Each structure stands twice: as C-alpha cells, then as structure tokens.
Amino acid sequence: MLFALATLNQTSIIYLGLSAFIIYIGFGLVTVLTTIFLADTVDYGEWKTGQRNESIIFSMQTFVVKLASAISVLISGIGIDLIGLDVNSAQQAPETLLGLRVLMTVVPILGFVVSLGYFIKKYRLTEAETKRIAEELAVRRQVVSNHD
C-alpha cells in the first residue's frame, strides 16, 4: 500500500495513516508472538534437558534483535549505494526514488517471506506439542515437589 501511494504521488494523510496502522498492528502481533514462541522454547528446553534456562534464551533474544538490526542497516546501506542516492542533491533522479521505494517496501516484504518460510520449516512446536510438554513438565514438577 505504501509503495502504491508513493508511486502514485498520493499524500493523503488518511491513506498514509491506514498504511501505518496496518504496519504497526502487524509489528505488534509479531512482537507478542515472538515472546510466546520464546516461552514455548524455554519449556521445550526444560522438557528436553531437565534444566530451565529462561535467562539465557531471553538474553539471546535481545542479542539477536541487535544483530538483526545491524544486518538490516547493512542491507539498507548496500541498497542505497546500489540505487545511487546522491546525498548532496536537492532532487533525486526518478530511478533513485523508485529504488528508495523498493528498499522501503519490497525488500522488507521479501525478507519477511524468507523468514516466514524458514520459521515454518524449522519451528516444530505445534499447539498440541506445547500442551503435551507443559503437561509432562507439570507432572515432573509435582513428582519433584512430592520428594522434597
């Protein structure tokens, strides 16, 4: 939607606001889902190894976010070089403006699709599996507390 608005030189605050609303709803959902998936992996790790390592997993999440931000900036910098952005020019060439639009919309969408494909392929914890793991962990904890 943002790509279309920019290409058509539309500056309607309503359409831009709607685009932002959609983007930030999606971002919020992804943020919540990431936390849920991390909690599920903590349970999985405890189930698999017998040790609960929340601090390690959640601190690694912070590192991974910073690493992803660094990679994002690297890709953006390479992209800006490739499209020929002239920082000293008051007016950019139409090809450069199109390149900026692609960098702001198409490249992130492609990155999301690749990430989603990788996630779907590698993340094996289904809802039924996480429920079964949680139940087994509850039984283990009950057994341990009965022995104390």
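Every number in this text was worked out from the coordinates using simple rules, so none of it is lab data. Since this is a predicted model, take the numbers as computed values, not measurements. Every residue, glycine among them, receives a Cβ derived from its backbone with ideal geometry; neighbour counts consider all protein chains shown.
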**Item:** Alpha carbon centroid spacing (whole Å) that separates segment 93-148 from segment 10-47
**Value:** 11
**Request:** State, to one decimal in nm, how far the label point of PHE37 lies from the label point of VAL64, with both points 7 Å from Cα in the Cβ direction.
**Result:** 0.7
**Cleavage-rule hits (chymotrypsin sites (Phe, Trp or Tyr not before Pro)) in segment 45-141: DSSP loop, at most 15 neighbouring Cβ within 10 angstrom** = TYR123
**Item:** Among ILE71, THR31, GLY45 - extreme Cα towards positive end, dipole of the chain, charges at beta-carbon
**Value:** GLY45
**Complete:** Rounded to the nearest 10, the angle in degrees between the Cα long axis of helix 127-147 and the longest principal axis of the Cα atoms of the chain comes to 40
**Fill in**
Out of ALA128, ALA90, ALA70, a Gaussian network model of the chain with alpha-carbon springs under 10 Å gives the largest mean-square fluctuation to ALA90
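If R₀ is 22 angstrom, what is the calculated FRET efficiency for the pair LEU98 and ILE71, using the beta carbon separation as r and rounding to 0.05? Spell out each step's value before the answer.
On the way: r = 24 Å, r/R0 = 1.08.
Efficiency at R0 = 22 Å is approximately 0.40.
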**Request:** With a point put 7 Å past each Cα toward its Cβ, work out how far PHE112 is from ILE23 in nm, to one decimal.
**Result:** 1.0
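List the relative contact order of the chain as a percent without decimals, with contacts defined as Cα pairs under 8 Å and 6+ residues apart. Present the calculation step by step, with values, prior to reporting the outcome.
Working: 50 pairs, mean separation 44.8, N = 148.
Averaging sequence separation for qualifying contacts and normalising by length gives 30 percent for the chain.
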**Prompt:** Roughly how many nanometres apart are two label points built 7 Å out from the Cα toward the Cβ at ILE120 and ASN146?
**Reply:** 4.3
**Prompt:** With point charges of +1 on the Cβ of Lys and Arg and -1 on the Cβ of Asp and Glu, referenced to the Cα centre of the chain, which listed residue (VAL143, ILE109, ILE83) lies farthest in the positive direction of the dipole?
**Reply:** VAL143
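Quick one: putting +1 on the C-beta of Lys and Arg, -1 on the C-beta of Asp and Glu, what dipole do you get for the chain around its Cα centre, in Debye to the nearest 20? Could you put the intermediate results ahead of the total?
Values: 11 positive and 12 negative charges, 45 e Å.
Charge dipole, the chain, about its Cα centre: 220 debye, nearest 20.
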**Message:** Can you pull out the trypsin sites (Lys or Arg not before Pro) in segment 103-148 whose DSSP state is coil and whose Cβ has at most 15 other Cβ atoms within 10 Å?
**Reply:** ARG124
**Request:** Quick one: go through segment 82-126 and flag any residue whose amide nitrogen is under 19 Å from the point 7 Å out along the Cα-to-Cβ line of THR7.
**Result:** 83, 93-113
